[in-house]
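The values are calculated or read from the model by the stated rules, or taken from the named source; none is laboratory data. If you're wondering where the values come from, they're calculated on a predicted model, not measured in any experiment. Don't worry about glycine lacking a Cβ; one is built from the backbone with ideal geometry, like all the others, and counts go over all protein chains shown.
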Amino acid sequence: MESWGGKIAIIGAGCTRFGENFDQSYDDMAVDATLDAVRDANIGLADIDGAWLSTAFPDAGVWKGRSGMDLAEPLALWDIPVTRVSNYCASAGDALRNACMALLSGAHDCVLALGVEKLRDRSPQGSLVAMQVETGHPFYQKGFTAPGTFSVQAARHFHDNGTGREDLAEISAKNHDHGALNPKAHYRSPMSAEQVLAAPMVADPLTVLDCCPTTDGAAAVILVRLEDAPKHESAGPPVVIRGQGFSVSAGWDSPFYDPEYRFGGFRASRVAGETAYREAEISDPREEIDLAEVHDCFSVSELMAYSDLGFVEPGESGEWVRSGATRLGGEVPFNTSGGLLSCGHPVGATGLRMLYQLTQQLRGTAGEMQVEGARVGLAHNIGGPGAVAAVTILEAT
Amino acid sequence: MHGITSVGTFVPRYRLANDLIGESWRAEARPGSRSIANFDEDAFTMAVAAAERCLAVGPEAVDAVYYASTSAPYREKAMAPMLATVCDLRPGVATGDFGGSLRGATTALGLALDAVELGRRKDVLVAAADLRVPRPGAELELALGDAAGALTVGADPIAAVDSFWTRSDDFLHLWRRDGDAYVDHADTRFARQHGYLRNVVEGVAAALQEVGAEASGFAKVVLDAPDPSSARAAAKALGLTADQLVDLHHGELGHTGTAGVLLGLQGALEAVVPGDRIAIVSYGDGLDVVLLTATEKIADWAPARTLSSQLGDRRELDSFTRYCEFRGIVGAGEQTEGVFSSTALLHRTQKQDVRLYGGCCANCGQIHYPIVRVCGACHSEGPFEELKLARSGDVFTLSKERYFPTPDPPLVVSVVDLEGGGRIVLQTTDCDAASFDIGTPVELVYRRYHEGQGFHNYYWKCRPVEV
C-alpha cells in the first residue's frame, strides 16, 4: 500500500461559532462554515468539484444531513458529486479521508469536506438520550447513555491503573480554561477541578462537567493536492496532511461483549495512531508533535488518548495531566481549543473543527490559544463506543 | 408412589414497612411489612425464579408445565409456554395456565398428580406467583405480599401424596373485575365466618375422615388463610398446635396469593423427617386439602434457597412514594411503549436471548454472545457450537446511569463475565447502587425491560447474589 502522506494540503478552513445556535438552521451553519473556508482559500464556490458532507444524527433535527443533497441545496452547489458520510462521531474524519482519496485519484482537483450538526432544535434529553432509550436493539446495551458507554471505560481505567476522578477533573478543568480563550467555544468560562468534582453525576464516575455539552455547529476545509496549492492565493499558508490513519476496530456491541477486551483504551485509536505515525514518519510522538486536538467527548477519553496515541503508558496518564504537561505552555498542549468539553460536540462537525483549529495554530493565527512555534499537530476523532478512529497529522509549510 | 419431587420459592428482595404505609395515611403505626416485587418484576418473572430454583434441585427434565396466578401479566397470552422457554425446557412440552383462583397452585398440583398417576406425564412442573395490588389506603394494603413458588410432581418423591381432597364453593370473598387495577373484598368478618372458616372446618374434617386420619397426626400443617386472624381462628377450630403450624410469614410478607401454600410447603419440607405427615390446606372459591408423607428421600434434599435465607436477603423501600412508583400508581409509570421492539426480532433470537445461549468457536474456543458468524478472536467461520450460558458471573465494569429513565435511579448497567465463559451487558436490579462495584458476584434474573410496541419485553438482568 502506497503512503499518501504529504500529498494533500488544506488551503482554507472555516468554522461557525459552536453553541446553542438557536438563531441558526442547519442550512445557515452549512453555508457559514463553507463560505468561511472558501474565502480563507480565496476560491469561489464554483471551483469546488466534489464535496463530502458529514452529519451523524439527522434524526435529531429536521432530517437534514441524510444525504449529499443537504450540502448541495443550501449552497446551490449543483451538478457535482456530493456524498454524505456517516461514521458516528468520527464522520468528519471519514469525510476528510474520502475527500483526500478523491484528490489522490486525480478525479477531482478542489474539494470540500463539511461537517454540520443541528442538535439543539430539541432538548438534549429529547435528542441524544431519547435516541438511546427508544431506538436500537430492544435489550442489548439497553440502559447505557452515551456518557455511560464511557463511564464503563473510566471505572475500569481507575481499577487497573490507579487513576481516579481527580485526574479526570484535571483534564476537564484544563480544557475549560483553554476554552475560555476560544471565541468559537460553547463554554467560555475557566473551571477548577473542585468544581468538576462537585458537579452533579451523569454516569458515575462522570459528572456533568466531565461530559461535553449538546451543541450546534459546522466546520469545513478546502483541500487540494499539495502541488496545486500555489495556484490558489489562500489567506494563509497551506497546511499539509502528513498522514492519516482510519480504523474501524470494533462494532456497536462487540467492545462490551468481547470477553478478551479489558476496557480503558481503544484499539481503533491505537491502530489509527500507528498508521498515521507511519505515514507521517513519526517515531516519537511526544518529541515530534507540538500539539494535539483529541476527542474529549468525555474527560476519560482524553485520559485514554494519552496512552492510546503513544504519549505515555496508561499508568502514567494521570500523573502526566496533573504535571501540567498537556496544558497550554506545557510539554505537549492537548485541546488548546477547549476540546469537545468546551467547544461542544456537534457530532458530524467535530473532526473538521479540530482541523480548523490546527490550521490556525500551524499558521500562527490562533490568538490567545497559540502554541509558540507549532509545526506539527495531531487531530484524533473517534466514533461509536471507541470503535472508529481517525488520526490525522498536519504540518505547517 | 407419586408425589412432590422438588420445591423452590422466590421472595422478592424489597420490603415495605407497614409503618411507612401508616405514616402515609396518618394512621396508627402497625408492625410488620409486605414483600414488594421490584418495578421490573411481575407474576411471571417471579414464577421463573421459583421454577429455576425448584429445577436446580429437582428432576433433570419435565414434560409438562402448569402456571397458576390471579395476576398474570397477560390477559390473553399463555404464561406456561413462556416459562418453559425461559427455563430452557424441551420445546413443545405440555402446558396449562390456571387463572383467577387463589387456590390455583393446588388445583394445578391436583391435575399434575392425575397426569402422573395416569402415566400421561412423567414429571410436571407447577409454578405459581402473585403480584396483587391493593387499593392505596385500603385495608388490604397491609395484607397483600408478592412471591412465587414452584414444585415438581413425579415418581420417587421427597413427599408422597396420600390423598387429594377438593371441593368448590361459589363464595365472593376476594375479587378483581376485568379492567380493575386493585383487589377488592367482602366484609372481613362475614367472609371469615361464612367463607373461610366454614370451608376450612368442614373441608379438613371431610378430608381427614376420607383417609381415617386425625389432625394431631400431622407433623406440619400449611394452613392457607387470607390474613393472620383467620389463620388463628382456623387453627383453634381444628385443634392444631403452634408446633404443627408452618409459619407463612404473614407478618413480614403479607398473603402471597397462589404462592402462599408453596412457601408453606417449602417451610414444611425444610422441617420434616422421613415418615412425617404434612397437610396443605389451600383456600379460594372452595378448598383443597393435600395430605402427604415425607419419604426417605427428604433426608438428601435441600432447597436451592431456604426460606430463612430469603427472609434475611431484604432491602427496605425508603418511601411509600417509591412503592407507588414501582406499581405505576404515581409517576410517569415509564411511558415505554415507544421503545423499539419487534416480535419478529424476538422470535428469531429466542434461543439466544430467552434460553440464553452463546456460540462457542470450534476453532479457538472463544465464547461469543450475541452469537456471531465470523469469530472476532480467530477470524474463522467457526463452526459455532450453541452453548447454554451460566446464570451467574462477576461484574467486569459498570456504569451508574442518572439520566436513563427508571423508577429506581440510578440505573446500574453491568458488563458481566459469566461463570464458564461469555460476557454480557445487563441492567442491574435489586441492588444498592452505592455499594455495587467491579468484582461483585451477580446472578441472572429474568425481568421486564420495557413495554416497547405494546407488549411486555422481558430479558435478563443481573443482581447481586445477596445484599
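Numbers below:
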| item | result |
| --- | --- |
| Pairs with Cβ under 9 Å, 6+ apart, first in the range B:1-18 and closer than 19 Å to B:Ile158 by Cβ, second part of a strand (DSSP E or B) and charged (D, E, K, R) | B:Gly3/B:Asp162 |
| Residue satisfying condition, being in a loop (DSSP other than H, G, I, E, B) and closer than 22 Å to A:Leu355 by Cβ, within set A:Ile43, A:Ile11 | A:Ile43 |
| Enumeration of residues in the range A:237-265 that are polar (S, T, N, Q) and either out of contact with any strand residue (DSSP E or B) (no Cβ under 8 Å at 6 or more places or on another chain) or within 14 Å of chain B (Cβ to nearest Cβ) (or both) | A:Ser249, A:Ser254 |
| Some residue of the range A:201-211 being surrounded by 21 or more Cβ atoms within 10 Å (Cβ to Cβ), farther than 19 Å from A:Thr326 by Cα and more than 9 Å from chain B (Cβ to nearest Cβ) | yes |
| Test set (1) in contact with a strand residue (DSSP E or B) (Cβ under 9 Å, 6 or more places away or on another chain); (2) farther than 19 Å from A:Thr215 by Cα - A:Gly14 fails condition number | (2) |
| Filter result for A:Lys184 (charged (D, E, K, R) and either buried (at least 23 other Cβ atoms within 10 Å of the Cβ) or in contact with a Leu (Cβ under 9 Å, 6 or more places away or on another chain) (or both)) | no |
| Residue in the range A:29-45 that is surrounded by 20 or more Cβ atoms within 10 Å (Cβ to Cβ) and at positive phi present | no |
| All positions within the range A:106-135 that are surrounded by fewer than 17 Cβ atoms within 10 Å (Cβ to Cβ), among the hydroxyl-bearing types (Ser, Thr, Tyr) and more than 8 Å from chain B (Cβ to nearest Cβ) | A:Ser123 |
| So B:Lys351, is it more than 9 Å from chain A (Cβ to nearest Cβ) and of a type in the set (Lys, Arg) | yes |
| Cβ-Cβ under 6 Å pairs, at least 6 apart or on other chains, the range B:142-163 side polar (S, T, N, Q), far side in a strand (DSSP E or B) | B:Thr152/B:Thr5; B:Thr152/B:Ser6; B:Thr152/B:Leu125; B:Ser163/B:Leu291 |
| Counted residues, the range B:35-87 - those being among the polar types (S, T, N, Q), surrounded by fewer than 24 Cβ atoms within 10 Å (Cβ to Cβ) and either part of a helix (DSSP H, G or I) or not assigned by TED's automatic domain parsing to the domain that holds B:Leu111 (or both) | 1 |
| Count of the range A:136-174 residues which are facing chain B (nearest Cβ under 10 Å), in a helix (DSSP H, G or I) and either more than 13 Å from A:Thr207 (Cβ to Cβ) or acidic (Asp, Glu) (or both) | 11 |
| Pair list, Cβ < 9 Å and 6+ apart or interchain, from the range A:84-105 residues that are assigned to a helix (DSSP H, G or I) and modelled with pLDDT of 95 or more to residues that are basic (Lys, Arg) and surrounded by 23 or more Cβ atoms within 10 Å (Cβ to Cβ) | A:Ala92/A:Arg353 |
| Residue within the range B:322-331 that is away from chain A (no Cβ under 14 Å), of a type in the set (Ser, Thr, Tyr), outside any loop (DSSP other than H, G, I, E, B) and in contact (Cβ under 8 Å) with a residue 12 or more places away in the chain present | yes |
| Matching residues in the range B:124-171 - criterion: being surrounded by fewer than 24 Cβ atoms within 10 Å (Cβ to Cβ), among the small types (Gly, Ala, Ser) and under 22 Å from the mean Cα position of the chain (by Cα) | B:Ala143, B:Gly154 |
| Residue count, the range B:425-436 (criterion: within 11 Å of chain A (Cβ to nearest Cβ) and either in contact with a helix residue (DSSP H, G or I) (Cβ under 6 Å, 6 or more places away or on another chain) or more than 11 Å from B:Val395 (Cβ to Cβ) (or both)) | 5 |
| Failed criterion for B:Arg120 (all others in (1) more than 23 Å from B:Tyr446 (Cβ to Cβ); (2) touching a residue at least 40 places away in the same chain (Cβ under 8 Å); (3) part of a loop (DSSP other than H, G, I, E, B) hold) | (2) |
| Residue check for B:Asp430: assigned to a loop (DSSP other than H, G, I, E, B) and crowded, with 21+ Cβ neighbours inside 10 Å | yes |
| Lone unmet requirement of (1) within 14 Å of another protein chain (Cβ to nearest Cβ); (2) in contact (Cβ under 8 Å) with a residue 60 or more places away in the chain; (3) buried (at least 17 other Cβ atoms within 10 Å of the Cβ) for A:His295 | (1) |
| Enumeration of residues in the range B:383-408 that are touching a helix residue (DSSP H, G or I) at 6+ places or on another chain (Cβ under 8 Å) and either more than 8 Å from chain A (Cβ to nearest Cβ) or assigned to a loop (DSSP other than H, G, I, E, B) (or both) | B:Glu386, B:Arg391, B:Tyr403, B:Phe404, B:Pro405, B:Pro407, B:Asp408 |
| Tabulated pairs, the range A:133-146, first more than 22 Å from A:Pro213 (Cα to Cα), second of a type in the set (D, E, K, R) and assigned to a strand (DSSP E or B), C-beta under 8 angstrom, 6+ apart or interchain | A:Gly136/A:Lys142 |
| Failed item in (1) over 30 Å from B:Thr295 (Cβ atoms); (2) outside any loop (DSSP other than H, G, I, E, B); (3) among the aliphatic types (A, V, I, L, M); (4) out of contact with any Ser or Thr (no Cβ under 9 Å at 6 or more places or on another chain), with B:Ala181 passing the rest | (2) |
| Selection count, the range B:212-254, where residues are among the hydrophobic types (A, V, I, L, M, F, W, C) and outside any loop (DSSP other than H, G, I, E, B) | 12 |
| Hey, B:Leu208 in contact with a strand residue (DSSP E or B) (Cβ under 6 Å, 6 or more places away or on another chain) and hydrophobic (A, V, I, L, M, F, W, C) or not | no |
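Okay, residues lined up against (1) buried (at least 24 other Cβ atoms within 10 Å of the Cβ); (2) closer than 17 Å to A:Ala56 by Cα; (3) out of contact with any Cys (no Cβ under 9 Å at 6 or more places or on another chain):
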| residue | (1), (2), (3) |
| --- | --- |
| A:His345 | yes, yes, no |
| A:Gly351 | yes, yes, no |
| A:Tyr356 | yes, no, no |
| A:Thr359 | yes, no, yes |
| A:Leu362 | yes, no, yes |
| A:Gly367 | no, no, yes |
| A:Glu372 | no, no, yes |
| A:Asn381 | yes, yes, no |
